[in-house]
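Visitor: Have a look at this one before I ask anything.
The values are calculated or read from the model by the stated rules, or taken from the named source; none is laboratory data. Just so we're clear, the structure is a prediction, and the values are computed from it rather than from any experiment. Backbone-built Cβ (ideal geometry, glycine too); neighbour counts: all protein chains shown.
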Amino acid sequence: MTGVHLNDAVRVRLTPYGEAVLAEYHAQRRQRMGDRAHIYRPDAEGLYGMPLWDLMRIFGASLGMTRPPPFEGEIQIRRPAAVTP
């Protein structure tokens, strides 16, 4: 069995709905924090990377059976290489 840690880095491709959810999140952050607010931007492949816990915080309330999906395809989990003693 493979485990997932909330600090694991994930990458997702957003749908237009997901882009709108993220834009609203960014607007709220800018209102509270001004220029200090961290803004997620897509990488060269058009994927957004963030810790799993932040993905859950940003998109959790927008997920549901009656709502459009915020992500296209799968959530990619990027795990650090195993360290051997």
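Visitor: If you take the residues in segment 1-58 that are among the charged types (D, E, K, R) and under 24 Å from Arg79 (Cβ atoms), which one is modelled with the lowest pLDDT?
Guide: Residue satisfying both the conditions and the ranking: Asp8.
Visitor: Could you list, in sequence order, the residues of segment 20-63 that are among the small types (Gly, Ala, Ser), surrounded by 14 or more Cβ atoms within 10 Å (Cβ to Cβ) and either outside any helix (DSSP H, G or I) or under 10 Å from the mean Cα position of the chain (by Cα) (or both)?
Guide: Ala37, Gly49
Visitor: Can you name every residue in segment 8-19 that is touching a strand residue (DSSP E or B) at 6+ places or on another chain (Cβ under 9 Å) and not in a strand (DSSP E or B)?
Guide: Answer for segment 8-19, where residues must be touching a strand residue (DSSP E or B) at 6+ places or on another chain (Cβ under 9 Å) and not in a strand (DSSP E or B): Asp8, Thr15, Gly18.
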